[in-house]
Each structure stands twice: as structure tokens, then as C-alpha cells.
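Sharing a structure with you now.
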Amino acid sequence: MTLYYNHALTPLFTPEAISARVTELGAEISSHYRGLLPEGDTLLVVGVLNGAFVFMADLIRALTVPLEIDFIRLSSYMDNQTSASKVVMLKDLERNAKDRHILVVEDIADCGLTLNWLLGYLKSREPSSVKLAVAIDKKARREYPIALDYVAFEVDDGFLVGYGLDSARRYREFPAIYSLDDEK
Ligand code: 5GP
Ligand code: MG
């Protein structure tokens, strides 16, 4: 356990463990798309900003099928008037998703709101297929239905930082994944 500012960081996944798991996932994903992609076509890998950028950078280098990248930026918030959770798009895709095979890359699936919204949005763009890859699955916290196709690690609970994940914009550059607790 290491203390930074007023936070206690407990390492959960080392850079070595992450790298080994991402290599495995890359092989699994590549074998799915190999043969499925029409000749001359590319996989469209869509990263969800900001948290997914580190995982996405590693994952695409573990893929052995031709690909293009694009990013979307989403933010979820609680609407005080309706007490409903909402998702807003802060940055749209730049590529046309129609008739493309899409692999969404996200940092964490938590309650599932963000990915549930994103799946609906992407499907309205008429892609050939959509699959979801996440670095972390907090399965026990799911409230919205989503089917994850590729998961690097599962955790029960806790707030995680590092490997692209932040707390108040800090810790994204840390190469390991930590669980963060406020120092008592
Ligand atoms: P969901 O819509 O599934 O509840 O939330 C997913 C988003 O919440 C993730 O994309 C991530 O940005 C954020 N999030 C959920 N859990 C954590 C966590 O443990 N650490 C960090 N840094 N972000 C989280
Ligand atoms: Mg996110």
C-alpha cells in the first residue's frame, strides 16, 4: 500500500499481469475477426474517452487484424429534475459506422449505463457488428443490461485508478491498476 496525497493506493494488477492478459485478449479478438472481415476491410476500434485510452493503445498493438481507430467521449450524470441517470455525448465518432465491424474499448463496466447507451447509439448507425471489450468488469454492480464480449479483469467492488483511470484527473499515467481508499 502506498500513500499519495490523502489517498491510499493498493495495487490490484501489476503492469506485467496487465500486459500478459492484454496479449491473451488480443489473440482471442484477432481470431474472432480473422476470416470475418471482408477482404480489404478493417475493424473499427472505438475507444471511449478518456479512461480507455491506455488500454486501447495496448490492445490495438496486440491485435493482428487490419484496423482503424476512432474515439467517442461520453459523460454520465444524474438529472435532478427526473432523478434519472443520463448520458451525454461530448465528442461523436468521426468515422461512418454503417456496415462496419466495430469493437468498442472501454475502461470499466460499472452499472452499465454508459455502455448500454453506447450500444443503442451505435446500433442506430447500422454497423455490421458491435462487440465490447473492457479492461475491468464490476459485474456485481450491474443495473443496465450489457453483454461484454472481452474482459481483461473482474473485480467485486472498489474505486480503481491507474492504467488510464483517474480520480479527480490524477493517476491516469500510473502503469498498474490500484484500488483507492481515502486515508482515515
Ligand atoms: P457505468 O455507466 O458502467 O456505471 O460507468 C462506467 C464509467 O464510470 C466508466 O467508464 C468509468 O469512466 C467510470 N468508473 C466506474 N468505476 C470506476 C472506477 O472504479 N474508477 C474510475 N476511475 N472510474 C470508474
Ligand atoms: Mg469511462
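The values are calculated or read from the model by the stated rules, or taken from the named source; none is laboratory data. Being a predicted model, the structure only gives us computed values, none of them experimental. We place every Cβ from the backbone using ideal geometry, glycine too, and count neighbours over all the protein chains shown. What goes into the accessible areas is simple: the full protein's heavy atoms, side chains included, and nothing from ligands, DNA or RNA. Shrake-Rupley method; radii C 1.70, N 1.55, O 1.52, S 1.80 Å.
Residue pairs, Cβ under 8 Å, 6 or more apart or interchain, first in the range 162-184 and more than 20 Å from ASP137 (Cα to Cα), second of a type outside the set (Ser, Thr, Tyr). List them.
ARG170/VAL161; ASP182/ASN6; ASP182/HIS7; ASP182/ALA8; GLU183/LEU3; GLU183/ASN6; GLU183/HIS7; GLU183/ALA8
Table: residues versus (1) among the hydroxyl-bearing types (Ser, Thr, Tyr); (2) within 16 Å of ligand 2 (Cβ to nearest atom); (3) open to solvent by 20 Å² or more (accessible area, probe 1.4 Å).
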| residue | (1), (2), (3) |
| --- | --- |
| GLY51 | no, yes, no |
| ILE60 | no, no, yes |
| LEU67 | no, no, yes |
| SER75 | yes, yes, yes |
| ASP79 | no, no, yes |
| SER85 | yes, yes, yes |
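Just checking, how many residues over the range 92-146 are touching a residue at least 12 places away in the same chain (Cβ under 8 Å), part of a helix (DSSP H, G or I) and loosely packed, with under 15 Cβ neighbours inside 10 Å?
Of the residues in the range 92-146, 3 are touching a residue at least 12 places away in the same chain (Cβ under 8 Å), part of a helix (DSSP H, G or I) and loosely packed, with under 15 Cβ neighbours inside 10 Å.
Would it be correct to say that ILE69 is in a helix (DSSP H, G or I), away from ligand 1 (no atom under 16 Å from the Cβ) and not hydroxyl-bearing (Ser, Thr, Tyr)?
Values: in a helix (DSSP H, G or I): no; away from ligand 1 (no atom under 16 Å from the Cβ): yes; not hydroxyl-bearing (Ser, Thr, Tyr): yes.
Considered against the rule, which asks whether it is in a helix (DSSP H, G or I), away from ligand 1 (no atom under 16 Å from the Cβ) and not hydroxyl-bearing (Ser, Thr, Tyr), ILE69 comes out as no.
Please find, among VAL65, VAL45, VAL22, the residue that is out of contact with any Cys (no Cβ under 9 Å at 6 or more places or on another chain), under 14 Å from VAL151 (Cα atoms) and at pLDDT 95 or above.
Values: VAL65 fails: under 14 Å from VAL151 (Cα atoms); VAL45 fails: under 14 Å from VAL151 (Cα atoms).
Unique residue meeting the criteria: VAL22.
If the requirement is being assigned to a strand (DSSP E or B) and more than 16 Å from ligand 1 (Cβ to nearest atom), which of these qualifies: VAL45, VAL87? Write out each step before concluding.
Numbers: VAL87 fails: more than 16 Å from ligand 1 (Cβ to nearest atom).
After ruling out the rest, the residue left standing is VAL45.
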